[in-house]
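Scroll down for the structure; my scribbles are underneath it.
The values are calculated or read from the model by the stated rules, or taken from the named source; none is laboratory data. Only a predicted model underlies this, so the values are computations on that prediction, with no experimental measurement involved. When we count neighbours, we look across all protein chains shown, and the Cβ atoms used for this are built from the backbone with ideal geometry, even at glycine.
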Amino acid sequence: MPAINIPNRYIKLISNLPEMEVSFGAGGIRLFTCEELEKGQVGYSVDLNGTSLCGEAKGDWKSSWLVIGSDTGVGDPIFVDTADPKLTVLSAIHGEGAWDPKPIAISIEAFGKILFEFRRIAEDRSNPVESESNPITAAERNTFLSRVGEINERKIESEFWNELFAYVCD
């Protein structure tokens, strides 16, 4: 398996995080440490033997994509496009036979800001029992999604972030 070139901006992001995972109801987001990144590519850019799974056809996993974590509710990958100077953060549904990535943050820095906001809204809602006893209100949800839109300069949809609310009881 070729050595992974970890973007310095990702290292900076995770060095400023209090934890690598934000639990929210029955889901959340988990990011990989630098040591976990190589293993995190298995099943995406490489198979268990280190053989490349990348291609250039529509629906193929691209060699410039680096998995940095996952949606813990359904296991969809969260990744960056290292060929993009902005280091756009993307996600895609796994198990569909083809990759159709959707941007979830306009840059790794924007992703960090959104993750901070997500951590705040997930506070006291980190598991199903907590989320049931402290349900999220429509106002909190709308404020969070509005903030996601602001951080992303209204350039991308907030669909990924909205879907995270499916993992809490309200």
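For the reader, a short list of remarks on this structure follows.
- Taken as a whole, the structure places Glu163 among residues that are within 16 Å of the chain's Cα centre (by Cα), farther than 19 Å from Leu17 by Cα and part of a helix (DSSP H, G or I).
- Within the stretch 92-120, the residues that satisfy the criterion of being of a type in the set (Val, Ile, Thr) and modelled with pLDDT of 95 or more are Ile104, Ile106, Ile108, Ile114.
- Subset tally (residues that are among the small types (Gly, Ala, Ser) and at pLDDT 95 or above) for the stretch 145-170: 2
- Looking only at the stretch 75-95, and only at residues there that are more than 12 Å from the chain's Cα centre (by Cα) and either part of a loop (DSSP other than H, G, I, E, B) or basic (Lys, Arg) (or both), the one that is surrounded by the most Cβ atoms within 10 Å (Cβ to Cβ): Leu87
- Taken over the stretch 21-74, the criterion of being within 19 Å of Ala105 (Cα to Cα), of a type in the set (Lys, Arg) and assigned to a loop (DSSP other than H, G, I, E, B) is satisfied by Lys62 alone.
- In the stretch 81-96, the residues that are closer than 13 Å to Glu109 by Cβ form Cβ pairs under 9 Å with partners that are among the β-branched types (Val, Ile, Thr) and part of a strand (DSSP E or B), at six or more places apart or across chains, as follows: Leu87/Val80; Thr88/Val80; Thr88/Ile104; Val89/Ile68; Val89/Ile78; Val89/Val80; Val89/Ile104.
- Verdict on Ala98 being part of a loop (DSSP other than H, G, I, E, B) and within 30 Å of Ala57 (Cα to Cα): yes
- Leu53 meets all of the listed conditions (1) buried (at least 16 other Cβ atoms within 10 Å of the Cβ); (2) without any contact (Cβ under 8 Å) to a residue 24 or more places away in the chain; (3) out of contact with any Cys (no Cβ under 8 Å at 6 or more places or on another chain) but one, namely (1).
- Glu38 of a type in the set (D, E, K, R) and under 17 Å from Val89 (Cα atoms): no
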